[in-house]
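K.L.:
Got a structure for you, questions after.
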Amino acid sequence: MTVPIAKLSFWGVRGSTPTVDPATWRYGGNTPCLELIAPDGTQFILDCGTGLRMLGSRWAAPNGGKAPETHILVTHYHWDHIQGIPFFSPLYVENNEFHFYSFRSKFLGRDSLKQVFEAQMALPYFPVDMSAMSAKRKFKEVDGGDSFKVGENKVTARWLNHPQGCLGFRIETPAGTVAYATDNEPGDAKLDENLRELAAGADIFINDAQFTPEQLETTRKGWGHSSWLEGTKVARQMEAKTLVLFHHDPDSTDRMVDSILRQAREEFDSVFAASEGMVITLGAPGDKVQAHMPGTRTALRREAQFHAKVCGVTEGGKDFEEETMVRDVSLQGALISLKHLPRLQSELQVTMEAPGADGVQAMNLRGYVVRIDTGTEKGHVAVGVVFTD
Ligand SMILES: [Zn+2]
Ligand SMILES: [Zn+2]
């Protein structure tokens, strides 16, 4: 018997506007776009931010070239959730077919999402018009409260608290449940209840964590977003298994997101900060969570031989210290072989012995665990770190 597995990929995790600032490079600068492949092969895309272009450029039709059935759920019409549409290359391929789902906006009326397509490609905003998009597109209106089946998966939509409206989606697959609740401000009793319904018992609860709790109380009240603290409260109350902090503020540097994640982990056990390129597998034995960085980010690797001492925290939350060799190093990070299993997205202190003009010198680096693979050495794991200073 095969185990049903679902794969959730993060193509864009930044809120409001894309960032190309190097200080935001590690978590990524593309705006919201997620992809969920259900065990039955159904492909869901959640939101069409600039991350959608990346998804399109790596578009692979499985099953010997047969285009997959793709269902695209759009939460709302703010720029950061639709801006990737004209740049999604599979829309320009005739054999592809897409099913779009979104709500009827009172500002747009009937066929709201269809109108968004037309407006985005209208003169003088885009070089070609809609007729260049040859893929089949079907549009379905959904309302908060609706539930429907796609393949063997159940999709539920609920209204969230956001200027001009926003839908949260819950997708139940045989491998597990993903709740996607971005662009939501706490404080409206009825809509807060909707959020709790989406999150109830979810394996993965993706929540808006744009602001700090202090910002949410003061300067950013009424902007339609939430904080890591609210996410941990709902996750704990509704017994979600893993919380993913999402929709990072464009002004939040990687260091700031690191700090937000650290604080959230003090409040709730299983938390990740959404990171571009991160993949979460559901339904595998032990509900394994894997994250990886796109190849281009680690392309400057060089083989090396450095003695190193590594201090960090294990998956079980224990401090460890270990001596090892660093055999693969780049300007941004290193691949380190360890007997301990460090926690994904935790900090490691790496002290390497580097030959210098005055003999061997200790080089202290702070690294961040972005990837864990089975090691080539027996009893070891290969740990990918990105250096943060
Ligand atoms: Zn947004
Ligand atoms: Zn929004």
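K.L.:
Let me confirm something: among Phe205, Phe272, Phe246, which residue is crowded, with 24+ Cβ neighbours inside 10 Å and more than 16 Å from ligand 2 (Cβ to nearest atom)?
P.N.:
Phe205
K.L.:
Then there's this: Residues that are farther than 18 Å from Lys241 by Cα, within 16 Å of ligand 1 (Cβ to nearest atom), assigned to a loop (DSSP other than H, G, I, E, B) and open to solvent by 40 Å² or more (accessible area, probe 1.4 Å): does the stretch 171-188 have at least one?
P.N.:
Looking through the stretch 171-188, none of the residues is farther than 18 Å from Lys241 by Cα, within 16 Å of ligand 1 (Cβ to nearest atom), assigned to a loop (DSSP other than H, G, I, E, B) and open to solvent by 40 Å² or more (accessible area, probe 1.4 Å).
K.L.:
Which ranges mark the strands (runs of 3 or more DSSP E) fully within the stretch 1-62 that have 3 or more residues being hydrophobic (A, V, I, L, M, F, W, C), open to solvent by less than 20 Å² (accessible area, probe 1.4 Å) and at positive phi? Even if it seems obvious, please write down each step before you answer.
P.N.:
Values: elements: 6-12, 33-37, 43-46.
Fully inside the stretch 1-62 and qualifying: nothing.
K.L.:
Residue by residue through the stretch 193-221, note down the ones that are within 16 Å of ligand 1 (Cβ to nearest atom), part of a loop (DSSP other than H, G, I, E, B) and within 25 Å of Ile280 (Cα to Cα). Can you show your working first?
P.N.:
So the first thing to find is which residues in the stretch 193-221 are within 16 Å of ligand 1 (Cβ to nearest atom), and the list is 195, 206-211, 215-216, 220.
Those left that are additionally part of a loop (DSSP other than H, G, I, E, B): 209-210, 220.
Ala209, Gln210, listed by residue number.
K.L.:
Further, regarding this structure: Which residue is nearest to ligand 1 (Cβ to nearest atom), if the candidates are limited to the stretch 73-95 and must be polar (S, T, N, Q) and open to solvent by 10 Å² or more (accessible area, probe 1.4 Å)? Break it down stepwise before answering.
P.N.:
To start, the set of residues in the stretch 73-95 that are polar (S, T, N, Q) comprises 75, 83, 89, 95.
Next, only the ones that are open to solvent by 10 Å² or more (accessible area, probe 1.4 Å) stay: 83, 89, 95.
Numbers: Gln83: 10, Ser89: 23, Asn95: 32 Å.
Here the residue is Gln83.
K.L.:
Cβ-Cβ below 6 Å, separation at least six or inter-chain, first residue in the stretch 224-237 and assigned to a helix (DSSP H, G or I), second within 16 Å of ligand 1 (Cβ to nearest atom) and open to solvent by less than 10 Å² (accessible area, probe 1.4 Å): which pairs?
P.N.:
Trp228/Ala209; Trp228/Leu245; Gly231/Asn207; Gly231/Ala209
K.L.:
OK, next. Scanning for something surrounded by 12 or more Cβ atoms within 10 Å (Cβ to Cβ), at pLDDT 95 or above and more than 16 Å from ligand 1 (Cβ to nearest atom), does the stretch 159-167 turn up at least one residue?
P.N.:
no
K.L.:
Among the listed residues Phe169, Phe126, which satisfies the condition of being at negative phi, in contact (Cβ under 8 Å) with a residue 40 or more places away in the chain and under 26 Å from the mean Cα position of the chain (by Cα)? Spell out how you get there, then give the answer.
P.N.:
Working: Phe126 fails: under 26 Å from the mean Cα position of the chain (by Cα).
Just a single option satisfies the conditions, and that option is Phe169.
K.L.:
Taking the residues in the stretch 310-362 that are hydroxyl-bearing (Ser, Thr, Tyr) and farther than 17 Å from His380 by Cα as candidates, determine which candidate is most open to solvent (accessible area, probe 1.4 Å). Reasoning before the result, please.
P.N.:
Narrowing the stretch 310-362 to residues hydroxyl-bearing (Ser, Thr, Tyr): 314, 324, 330, 337, 346, 351.
Checking which are farther than 17 Å from His380 by Cα leaves us with 330, 346, 351.
On the way: Ser330: 19, Ser346: 13, Thr351: 38 Å².
For the stretch 310-362, the residue satisfying everything is Thr351.
The values are calculated or read from the model by the stated rules, or taken from the named source; none is laboratory data. Just so we're clear, the structure is a prediction, and the values are computed from it rather than from any experiment. With ideal geometry, Cβ positions are generated from the backbone for all residues, glycine too; neighbour counts draw on all protein chains shown. Only protein heavy atoms, including side chains, enter the accessible area calculation; ligands, DNA and RNA are left aside. Shrake-Rupley method; radii C 1.70, N 1.55, O 1.52, S 1.80 Å.
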